[in-house]
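The values are calculated or read from the model by the stated rules, or taken from the named source; none is laboratory data. Being a predicted model, the structure only gives us computed values, none of them experimental. A quick note on method: Cβ atoms are made from the backbone with ideal geometry, for glycine too, and the neighbour counts reach across all protein chains shown.
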Amino acid sequence: MALDLANEEGLRDFSSFLKFPNSHPGSKIKWPADGTKMERSAIVTGGTGGLGHAVVERLRADGWRVVVPWIVESELERVEEREGVELVRADLFDPDAVASVVAAGAGNGSAPLHGVVNLVGGFAAGGKVHETPIEEFERQFRLNLRPTYLMTSAAVPHLLAAGGGSIVCVGTRAALQPFSGAAGYISSKAAVIAFAHAVAAEYRNDGIRCNALLPSVIDTPGNRASMPKADFEKWVKPAQIAGVIAWLLSEDSSPTSGAAIPVYGRA
């Protein structure tokens, strides 16, 4: 059975417990030198991963200044800093480090912070509930919820100061259609969706929108390697999800907040 995986970027070496389908070699992002003037900034956590690099590429092409946190040296093989793309080394589990990323995102007066894309997270499959230690269950909540909470909490004051903005979080289809053996992952992603709804409700009258995406299996090299016999053509492409995220950050989606949006492809 092909697992229903959101494809996100891992921050640390959790190899003894976690599997990060996005932690794989890839090509550096090459941006067209089109002279686009950037009048707004976005932070993309997990921006060096299989999904993240497609999001960074799309936002950069749409005229965003993009700030990308990183933590592992190998990530620099997949993304390069250049005009419009700023890299900040940061442990996104640490509030002070997150604050430094947000400061970079909000630090350009001509391109205020208007977007936050929370892609960082991870997946672990194990036994059923009675076979899973509580420490492993809780670890999934720390991995999938803590960076999203810290980044959103730190960014909101800047979004308020800029007159509003859009926040995108990543849940999973499995939160609505669970499968066996991943109660921690599924529960923690359901919590991310609930958090996105809470943020949308709290800032409804402040011009800040928040939505959650629900991916199925994303077509990245990491997922192909882990499920080599799957039908890749049914998987949703990173560029397709990046297009949805770009829309959610744009004014075209201004009526949309508090939504859990399926991006399943045909998987």
Exercise for the section: Looking only at the stretch 244-263, decide whether some residue is out of contact with any helix residue (DSSP H, G or I) (no Cβ under 6 Å at 6 or more places or on another chain), within 26 Å of A155 (Cβ to Cβ), of a type in the set (V, I, T) and buried (at least 23 other Cβ atoms within 10 Å of the Cβ). Expected result: no
Problem - Lone qualifier among I218, I208 - being at pLDDT below 95 and within 18 Å of L248 (Cβ to Cβ) - result: I218
Handout entry: Pick from the stretch 126-178, criterion polar (S, T, N, Q) and over 30 Å from S250 (Cα atoms), ranking: surrounded by the most Cβ atoms within 10 Å (Cβ to Cβ)
Key = Q140
Problem - Residues being farther than 25 Å from A154 by Cβ, aliphatic (A, V, I, L, M) and in a loop (DSSP other than H, G, I, E, B) - total across the stretch 113-136 - result: 2
Handout entry: Matching option when the condition is in contact with a strand residue (DSSP E or B) (Cβ under 7 Å, 6 or more places away or on another chain) and within 20 Å of I208 (Cβ to Cβ), among A106, A90, A99
Key = A106
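Every residue, every condition in (1) in contact with a Lys or Arg (Cβ under 9 Å, 6 or more places away or on another chain); (2) outside any helix (DSSP H, G or I), yes or no:
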position: E75; (1), (2): no, no
position: V79; (1), (2): yes, yes
position: D96; (1), (2): no, no
position: A104; (1), (2): no, no
position: G107; (1), (2): no, yes
position: A111; (1), (2): yes, yes
Exercise for the section: Give the number of residues within the stretch 113-126 that are more than 17 Å from V56 (Cα to Cα) and at pLDDT 95 or above. Expected result: 0
Practice task
Output the number of residues of the stretch 191-220 satisfying the condition of being touching a residue at least 60 places away in the same chain (Cβ under 8 Å) and among the aromatic types (F, W, Y).
Solution key: 0
Handout entry: Whichever residue in the stretch 89-110 is more than 14 Å from R146 (Cβ to Cβ), surrounded by 22 or more Cβ atoms within 10 Å (Cβ to Cβ) and touching a residue at least 60 places away in the same chain (Cβ under 8 Å) and, among such residues, is farthest from the chain's Cα centre (by Cα)
Key = A106
Handout entry: Qualifying positions in the stretch 160-192 - closer than 26 Å to A106 by Cβ and among the aliphatic types (A, V, I, L, M)
Key = L160, A161, A162, I167, V168, V170, V192
Completion exercise
Of the residues in the stretch 51-73 that are in a loop (DSSP other than H, G, I, E, B) and of a type outside the set (V, I, T), the one that is surrounded by the most Cβ atoms within 10 Å (Cβ to Cβ) is L51
Completion exercise
When E86 is run through (1) closer than 19 Å to A242 by Cα; (2) buried (at least 21 other Cβ atoms within 10 Å of the Cβ), the failure sits at (2)
Completion exercise
Requiring at least 3 residues that are touching a Lys or Arg at 6+ places or on another chain (Cβ under 9 Å), the helices (runs of 4 or more DSSP H) wholly within the stretch 160-267 are 183-202, 238-249
Practice task
Residue by residue through the stretch 221-240, note down the ones that are of a type outside the set (A, V, I, L, M, F, W, C) and in contact (Cβ under 8 Å) with a residue 12 or more places away in the chain.
Solution key: P221, G222, N223, S226, E233, K234, K237, P238, Q240
Completion exercise
Residue hits (the stretch 74-83; aliphatic (A, V, I, L, M) and surrounded by 19 or more Cβ atoms within 10 Å (Cβ to Cβ)) are V79
